Amino acid sequence: MKIALMDSGIGLLAATAAVRRLRPDADLVLSLDPDGMPWGPRTPEDLTGRALAVAEAAAVRRPDALIVGCNTATVHALTALRARLEPQLPVIGTVPAIKPAAAGGGHLAIWATPATTGSPYQQNLIRDFAGGVPVTEVPCWGLAEAVEHADEAAIDAAVSAAAALTPEEVTTVVLGCTHYELVAERIRAAVQRPGRPPLVLHGSAGAVAAQALRRLGEQPAPDAAPDGTLTVLLSGREGALPEPALAYAEGRLLQAVTPAR
């Protein structure tokens, strides 16, 4: 089994690590776009063009499924990706975990990029899945960029700023950008209030990995032989994981795998 994941940068690491834990025997293809990143400031049309190019570079390696490991790319490019690649190649998007987070009740905060915060896309998800709970949308200025570059000081500053915008009564935080899952425990520490119940965090990586297996009719096999290979494509060129990826546990997990040739 071979599973590809795509993003402009290292936001796909969380989902990649989740796939690796569920199926250590799966071959992985990571398709990044260092020549075109970041995708967030691009127009939807431009972003879709970049996403299609990155997806097609992965498709050349003949994966069995493709995970779009980016919320922004899912919003703007998922329809085009599926039109281009399915049914031959199943494409799985990444959606913020608002539905399961709201099911737990309590005051919900959604941490997302400024472009996503307040967007019709996110508003529709809130309306459809969180109508019965109070919701605060929190714009996280600069956090995805800081995580992408593993800039510790910038990460701390961005997390602190977003935490200051998060009401004290919040019991659950949705991580609405895949980059944020790489610093989930730092977010937890910043938002957790003394004397309050333990904060609940909801990311998307585990659900996306499980959905990819379901689309393929496969089952988790975490005890399988850890012989899955790793191929990294950088704007279509075979390369190595970007250096900042190794600042995170998810990146270090993948570094130990021998690249496919």
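Observations
- Whichever residue in segment 184-195 is among the small types (Gly, Ala, Ser) and more than 16 Å from Thr136 (Cβ to Cβ) and, among such residues, is surrounded by the most Cβ atoms within 10 Å (Cβ to Cβ): Ala184
- Total residues in segment 236-256, condition assigned to a loop (DSSP other than H, G, I, E, B) and open to solvent by 30 Å² or more (accessible area, probe 1.4 Å): 5
- Number of the exception - Glu86 against (1) touching a helix residue (DSSP H, G or I) at 6+ places or on another chain (Cβ under 6 Å); (2) farther than 20 Å from Glu250 by Cβ: (1)
- In segment 101-142, residue most open to solvent (accessible area, probe 1.4 Å) [restricted to those that are touching a helix residue (DSSP H, G or I) at 6+ places or on another chain (Cβ under 7 Å) and of a type in the set (Ser, Thr, Tyr)]: Tyr121
- Scanning segment 101-113 for residues that are at pLDDT below 95 and under 21 Å from Leu12 (Cβ atoms) returns Ala112, Thr113.
- Among the residues here, Ala18 qualifies as out of contact with any Lys or Arg (no Cβ under 9 Å at 6 or more places or on another chain), open to solvent by 10 Å² or more (accessible area, probe 1.4 Å) and in contact (Cβ under 8 Å) with a residue 40 or more places away in the chain.
- Glu145 meets each of the listed conditions (1) free of Cβ contacts under 8 Å to residues at least 60 places away in the same chain; (2) charged (D, E, K, R); (3) surrounded by 15 or more Cβ atoms within 10 Å (Cβ to Cβ); (4) out of contact with any helix residue (DSSP H, G or I) (no Cβ under 7 Å at 6 or more places or on another chain) apart from (1).
- Consider segment 196-216 and keep the residues that are without any contact (Cβ under 8 Å) to a residue 40 or more places away in the chain and open to solvent by 40 Å² or more (accessible area, probe 1.4 Å). The one that is nearest to the chain's Cα centre (by Cα) is Arg214.
- Residues (closer than 17 Å to Thr79 by Cα and either open to solvent by less than 20 Å² (accessible area, probe 1.4 Å) or under 17 Å from the mean Cα position of the chain (by Cα) (or both)) located in segment 53-62: Val54, Ala55
- Looking only at segment 127-139, and only at residues there that are more than 19 Å from the chain's Cα centre (by Cα) and of a type in the set (A, V, I, L, M, F, W, C), the one that is nearest to Val95 (Cα to Cα): Phe129
- The set of residues from segment 217-235 being closer than 21 Å to Ile92 by Cβ and open to solvent by less than 60 Å² (accessible area, probe 1.4 Å) comprises Ala221, Ala224, Gly228, Thr229, Leu230, Thr231, Val232, Leu233.
- So Glu181, is it charged (D, E, K, R), touching a residue at least 40 places away in the same chain (Cβ under 8 Å) and crowded, with 18+ Cβ neighbours inside 10 Å: yes
- Only a single criterion out of (1) more than 20 Å from Ala115 (Cβ to Cβ); (2) of a type in the set (A, V, I, L, M); (3) open to solvent by 10 Å² or more (accessible area, probe 1.4 Å) is not satisfied by Met37, namely (1).
The values are calculated or read from the model by the stated rules, or taken from the named source; none is laboratory data. If you're wondering where the values come from, they're calculated on a predicted model, not measured in any experiment. Because the Cβ atoms are built from the backbone with ideal geometry, glycine has one as well, and the counts that use them run over all protein chains shown. Ligands, DNA and RNA are stripped out before the accessible areas are found, and what is left, the full protein with its side chains, is counted by its heavy atoms. Shrake-Rupley method; radii C 1.70, N 1.55, O 1.52, S 1.80 Å.
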